[in-house]
1. Calculate for the chain the 222 nm mean residue ellipticity that helices alone would give, adding -39,500 (n - 2.57) per DSSP H run of length 4 or more and normalising by residue count, nearest 500 deg cm²/dmol.
2. In whole percent, and with a 1.4 Å probe on the protein chains, what portion of the accessible area of region 459-524 is carbon and sulfur?
3. Expressed in whole Å with the largest first, what are the equivalent ellipsoid semi-axes of region 512-629 derived from the C-alpha gyration tensor as the square root of 5 times each eigenvalue?
4. Reachable aspartates and glutamates from K242, Cα under 19 Å, same-chain residues fewer than 8 places away excluded?
5. Work out the length of the dipole vector of region 383-524 about its Cα centre, built from +1 on the beta-carbon of each Lys and Arg and -1 on the beta-carbon of each Asp and Glu, and round it to the nearest 20 debye.
6. Compute the label zone of T659 within region 570-586: residues whose backbone N is under 17 Å from the point 7 Å along Cα-to-Cβ.
7. Tell me the per residue accessible area of region 492-608 using a 1.4 Å probe; a whole number in Å² is fine.
8. May I have the pair-distance distribution P(r) for region 1-89, computed from all Cα-Cα distances with 10 Å bins from 0 and rounded to whole percent?
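The values are calculated or read from the model by the stated rules, or taken from the named source; none is laboratory data. As the structure is a computational prediction, the values presented were derived from the model and not from experiment. Quick reminder, even Gly has a Cβ in these numbers, built from the backbone with ideal geometry, and neighbours come from all protein chains shown. Surface accessibility is based on the protein's heavy atoms, side chains included, excluding ligands, DNA and RNA. Shrake-Rupley method; radii C 1.70, N 1.55, O 1.52, S 1.80 Å.
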Amino acid sequence: MYTPEAQRALYELSKTLLYTPQGVPSDETAAERIENLRSVIRYHEWRYYALNDPVISDFEYDQLYKQLEALERQHPELITPDSPTQRVSSDLVEEINQVAHLTPMLSLDNSYDARDLLDFDTSVKKLAALPPDAIVEYAVEPKFDGGTIALVYENDRLVRAATRGNGLVGDEITANIRTVRSVPLQAPFSQYGIAKAELRGEAIIRKDVFEKINAARQATGESLFANPRNAATGGLRMKDPKEAAARGLEAFVYQLAYAADAQGQSVLERIPTHTEALNTLEQLGFKAPSAQASPSGGLPERRLCRGIEEVIAFCNAWQEQRDAYPYEIDGMVVKVNALDLQERCGYTTHHPRWAVAFKFKARQATTRLRDVEFQVGKTGAVTPVAKLEPVQLAGVTIQNVSLHNEDFIRSKDIRIGDYVLVERAGDVIPYIVKALDHLRNGSERPIKYPRNCPVCQSPLVKPEDEAIWRCENAECEAQVLQRMIFHASKHAMDIEGMGESTITRFYQLGWLRSIADIYRLDYDRIAQLEGFGEKSAANLRKAIEKAKQNPIHRLLHSLSIHHLGQKSSKLLAAQVEHVLDLAAWDIERYQQIKDIGPVLAQNVYNFFHNPRNLEMLRTMEALGVNLRQTPEDQRPASAAEGPLVGKTILFTGTLATLTREQAEARAAAAGATIASGVSKNLNILVVGEKAGSKLRKAQELGTVEIWTEAEFLERI
Ligand code: IVH
């Protein structure tokens, strides 16, 4: 649609319109200027929404748009329905009409693995009467997970849009589709001799836009959408086009289903392949799956594959990249490229025989909740863990899933014996989406939350503004064990070979009662243990000797002082020559350190005023553990490079996939400074479940960016 010359001319016209005041040159009439503005705005919308590659700044685009709005206000008689300003109608849709599609909208048959695709290929060749060794060309593209749409253009104008409905008749959604800027209101079909066309495609919402919509709904107490698809299909049906516009819908077109000339004769055969049809739609200004490799090194959205082996490789590669893609997709669609071959394959009443959906491995599965165990963490937090009947999810067996806290269980009304829906998205920790309450038979039991520690029986405590119950007995066996596990872990002292199972084993043998015991293990006895031997024992000794030399920020972090993360450990370490100096600090002194708040100050103070802890540290020092500041302890805490350099960040609420410490460590590694509270210096607030006063305060300030956990993970 836009030749390079046309693009250059439109670009130059934009600059002229932007930087010459209206009325100059003086012979330009209002009508001319309006038409000029419309053509350049359409061009820039195409660059921005269809190609994702704007050539002017958002500011410049806004200026052009405002000029057009102002002129149309002065000359309302010149407003036309296909003007870029006329996308969002203020009229409400009173009643949704039913409209018939020009040709039936069929479904797709599914395939799940390479075997299924090979069978599909065999069947295509049989149906098309090709020899078994023929190489068929297939066009492969993402299977977008949104709402199906059909768009009708007559005489180059969008005249109607509809949902799929039952495949023959759908709901009319023209007013809402007009708000979608990747759908052109006019397109030069006539240049191709097409007077009437019907396109098929998918309306979808980008994952990051979806997260923002949900964060905003959470903040205002509205119910959340389960996924981008629901938000998209709901958006298509809004009564108020303004609300549809607010969903930030986009549309990909993936099929030219009908094309006829002015006499009503089909002209589809002039475009002999699917690939050429999509190229044509791109030429006409639509957003189709792109054949270009993405600039970030990702795969192209579509590829013309020679033979089924190439199809299989492309589908598998996409399965790998699926989570990094900005839109939700649930598989790939494989289509015979040549339309004459498609016709030879034919259709069932349900689906074309020339196409198949390759479905990605399911990320959701249902299974039964057998029981709930309550685990005590290193700082005493009691976490309910669902014990599931083992189930396969995206290629891994899932058996244990955290239920987070009491509120989570309550809000989802999960009971023992329930069938539950489990989801695992990408590398995210699996979680329970919901209980399938319609499958209950009455034998299900409510989950009883303990009021005493399941390990040491001391009463559990829950601070007013927290979601988590805690065991406050620092000597609780479970806590002691978890603290040792954390102490040796990668983020803390990083002792290779001292993982959870080894520590638990030594603990059960009675060799480990406190962290200090790690530094006086008897390697001769370890060498005699089954599965160890001289070599492993020697390696373990080496790892422990190495850990003894760690900088003290690692040691401080390894002590499991509640809220003392990697970053605050570094801040503290930079302030002391010897760890035990902290025993002499009063509470104010902690608070003088920037970014150490009153709660953390109190926790560190308490730790260093408990004689048992001081005793343990002295023992460790006597066993050779370094307690003196090292040069590394004097380095700045945040990474000097990374996507969040110069930003202050704060986490609030319960995060779904990361502990607070992990989140803070990742933020610091990305260059961010971890803030201690909401203030005007805060740049970013990441909100988890049950975010409370901090979120409100940040919203009141209005200067803080509010991110979901998913957004945070994506940015880092
Ligand atoms: S082709 C006759 N291509 O998948 C050909 N469909 O079961 C049928 N879908 O709801 C459709 N992405 O909306 C095709 N690239 C794509 C698609 C796609 C998503 C949806 C479609 C329909 C379902 C088919």
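1. Calculated mean residue ellipticity at 222 nm is -10000 deg cm²/dmol.
2. 47 percent
3. The three semi-axes for region 512-629 are 32, 13, 12 Å.
4. By straight Cα distance, K242 reaches E45, D62, E69, D82, D91, E94, E95, D171, E172, E222, E250.
5. 420 debye
6. Residues 570 qualify, since their backbone N sits under 17 Å from the label point.
7. Using a 1.4 Å probe on heavy atoms only, each residue of region 492-608 averages 48 Å².
8. Pair shares across the bins are 16, 52, 29, 3.
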